[in-house]
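To keep things clear, I will list the structure first and then write my remarks on it.
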Amino acid sequence: MAETTKYLLGENDIPTAWYNIIADLPSPPSPPLHPGTGQPLGPADLAPLFPMALIAQEVSGERYIDIPEPVREVYRLWRPSPLYRARRLERALDTPAHIYYKYEGVSPAGSHKPNTAVAQAYYNKEEGIRRLSTETGAGQWGSSLAFACALFGLECTVYMVKVSFEQKPYRRSMIQTYGAEVIASPSDRTNAGRQILSEDPESPGSLGIAISEAVEDAATHEDTHYALGSVLNHVCLHQTVIGLEALKQMEMAGEYPDDVIACFGGGSNFAGLALPFVRDKIRDGRKTRILAAEPESCPSLTRGEYTYDFGDTVGLTPLVRMHTLGHTFVPAGIHAGGLRYHGAAPLISQLLDSKLIEAQAYHQLGCFEAAVQFARSEGIIPAPESSHAIRAAVDAALAAREAGERRVILFNLSGHGHFDMAAYDAYFAGQLQDYAYPREKVEEALKHLPKVPA
């Protein structure tokens, strides 16, 4: 049997339409609410931030939404992405389980994020927008949007969470190489940033704070729109190219997964892999275990409250119903910067509440241990975020060994870790610590949840 088994699709297999889970949900999603009035939002409320095409996708009930050909043309730079069977890892674990991983690190930016960045840049260009503003945690999203804006001739401003700005200088350089401006957040460029700095001059920043700054920037400039790399329905929609391809590739392998696993921060890479498999679960009664692996230091799904909250810290964004730790929550500076967000995608929150998916939180030391074992077996150094999915997949494979059960495990390797070697340095030096966010601090943040009319 070959050591490496790779399942490759051709360019003609790039999906021609994104899959919209809203069409198959047991009940319709809760509407987003206006931050000032508490009433359901209309398209006009979102027009200062997003192009009408994305607003339409956000609320669409259509099962499939066509991918514009200019977007598919850019996708051809790296899509379809490969699916591998991790035979060496299986042998290292001495497990009867079959482990597969979908590898999104082959994109120019090194992660899954361009799947939506390219689409968002295209639709904004079509509407005549000149510049996009955004936030970024670990820098994956910022570099992806910078890349997409370069291809479509848009200017780009990226507010990067300060702790990541300092931890990940080469992500910063990558954003600049693609032509975007990158600013450490909180900054003195916006009222939101100045407010945070007046309260805490040494603030490490958070995704919620950076979102506040990026939204304010867009809302105060007529030629600028805002772009979000996770959480929203249209972002989850664009990412489904991952799972749609994976379904074809698993068919090529002659297997169907018992476990579908992805790391979880805001929900985009998890949604991308999982939603087409959730469709099969709803439609065909599949018993697939679909697991979101999140960090113990920012456990929005496992310890957050399912309620309406702001997507940002200051309270500029619409109120959405999601699992949240509270919009004032500032997570610890763990190295998986892309998973440091107080809330969860509303669609994923609804699926968890409906028990169609599961969630589990993991400590970072165990995740790095699994990432190193994966790298030494399969050769790819994973992003710290992706290490959470690897930890969950390894645990599932070890459980299969204990049970003497041949399970089929599929996980999303959402990006490579080539720009995250400082995190691996810290791990090997014994400088990383496990950190579970104190319950009392979560409870304090939840006290600041907005009051929403019944």
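We did not get these values from a lab; they are worked out from the coordinates using the rules stated. Everything quoted here is computed from the prediction, not taken from an experiment. Every residue, glycine as well, gets a Cβ built from its backbone with ideal geometry; the counts of neighbours run over all protein chains shown.
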- May I ask for the angle, rounded to the nearest 10°, between helix 241-253 and the longest principal axis of the chain, with both axes built from Cα atoms and the value confined to 0 to 90°? 0
- Note on the structure: Cα-based Rg then Dmax for segment 32-101, in Å, read 21.3, 58
- Flagged links, alpha-carbon separation over 24 Å, of Lys113/Lys248; Lys162/Lys447; Lys113/Lys162: Lys162/Lys447
- Loop-only check: which GluC sites (Glu not before Pro) in segment 168-253 are DSSP coil with at most 13 other Cβ within 10 angstrom? Glu202, Glu222
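What's the long-distance tail for segment 250-327, i.e. % of Cα pairs beyond 15 Å? Mind dumping the intermediate values first?
Numbers: 1959 of 3003 pairs.
Across segment 250-327, Cα pairs with separations above 15 Å total 65 percent.
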- Message: Once you place label points 7 Å from the Cα toward the Cβ at Glu166 and Asp223, how far apart are they in nm?
- Response: 3.5
- In deg cm²/dmol, rounded to 500, what helix-only [θ] at 222 nm does the chain give when every DSSP H run of at least 4 residues adds -39500 (n - 2.57) and the total is split over its residues? -12000 deg cm²/dmol
- Could you work out Rg/(2.2 N^0.38 Å) for segment 148-249, with Rg from alpha carbons only? 1.23
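Relative to the Cα centre, what is the charge dipole magnitude of segment 1-114, using +1 at the beta carbon of each Lys and Arg, -1 at the beta carbon of each Asp and Glu, and rounding to the nearest 20 debye?
Numbers: 11 positive and 13 negative charges, 104 e Å.
Rounded to the nearest 20 debye, it is 500 debye.
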- One-quarter of the Cα convex hull surface for segment 87-166, in nm²? 7.3
- Task: Taking amide H positions as placed in the peptide plane 1.01 Å from N, state which residues far from Tyr435 in sequence (5 or more) or on other chains have amide H under 5 Å from it.
- Result: Gln364
- Item | Cross-link partners of Lys287 among lysines (Cα-Cα below 16 Å; sequence separation of 8 or more within a chain) | Lys355
- Sequence-distant residues sharing a close amide H with Glu358 (under 5 Å, placed H): Ile290, Leu291, Ala292
- Message: Using the Cα atoms of the chain, I'd like the radius of gyration and the largest Cα-Cα distance, Dmax, both in angstrom.
- Response: 20.3, 63
- Message: Just to confirm my numbers, what's the Cα centroid distance between segment 15-33 and segment 90-140 in Å?
- Response: 20
- Query: Can you list the aspartates and glutamates whose alpha carbon is less than 16 Å from that of Lys6, not counting same-chain residues fewer than 8 positions off?
  - Reply: Glu90, Glu104, Glu245, Glu251, Glu255, Glu378
- Going by average Cβ neighbours within 10 Å, how do the peptides 315-322, 295-302 rank, with the highest at the top? 295-302, 315-322
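How long is the gain from Thr4 to Phe428 if the chain were fully straight, where each residue apart is worth 0.36 nm and the alpha carbon distance is subtracted? List each step's numbers first, then the result.
Numbers: separation 424, 0.36 × 424 = 152.64 nm, distance 2.80 nm.
So the chain would gain 149.8 nm between Thr4 and Phe428.
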- Helix 207-219 versus the longest principal axis of the chain: what is the Cα-based angle in degrees, 0 to 90, to the nearest 10? 50
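Using the 10 angstrom Cβ neighbour count as an exposure proxy, how do His363, His238, His388 rank, fewest first? Could the numbers behind the result be given before it?
Details: His363 19, His238 27, His388 34.
Neighbour counts put them in this order, fewest first: His363, His238, His388.
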- Note on the structure: For the chain, cysteines with no other Cys Cβ under 4.7 Å from their own Cβ are listed as Cys236, Cys263, Cys298, Cys367
- Note on the structure: Answer in debye to the nearest 20: the dipole magnitude of segment 390-454 about its Cα centre, from +1 Lys/Arg and -1 Asp/Glu charges placed on Cβ, is 280
- Task: Among Ala184, Thr157, Ala138, pick out the residue whose Cα is farthest towards the positive end of the charge dipole of segment 76-196, where Lys and Arg carry +1 and Asp and Glu carry -1 on C-beta, about the Cα centre.
- Result: Ala138
- Query: Out of Ala429, Val394, Asn412, whose Cα points farthest toward the positive end of the dipole of segment 393-454 (charges: +1 Lys, Arg; -1 Asp, Glu; placed on Cβ)?
  - Reply: Asn412
- Message: Under a crude label model (7 Å from the Cα following the beta-carbon direction), how far is Thr16 from Glu126 in nanometres?
- Response: 1.7
- Task: Step through the residues of segment 397-410 one at a time and calculate ³J(HN,Hα) from phi using the Karplus curve (6.51 cos²θ - 1.76 cosθ + 1.60, θ = phi - 60°), rounding each to whole Hz and writing x for Gly and Pro.
- Result: 5, 5, 5, 5, 5, 5, 8, x, 10, 8, 8, 9, 10, 10
- Message: Test of the criteria: in segment 213-318, which trypsin sites (Lys or Arg not before Pro) are in a DSSP loop and have at most 13 other Cβ atoms within 10 angstrom of their Cβ?
- Response: Lys287
- Note on the structure: Answer in debye to the nearest 20: the dipole magnitude of the chain about its Cα centre, from +1 Lys/Arg and -1 Asp/Glu charges placed on Cβ, is 840
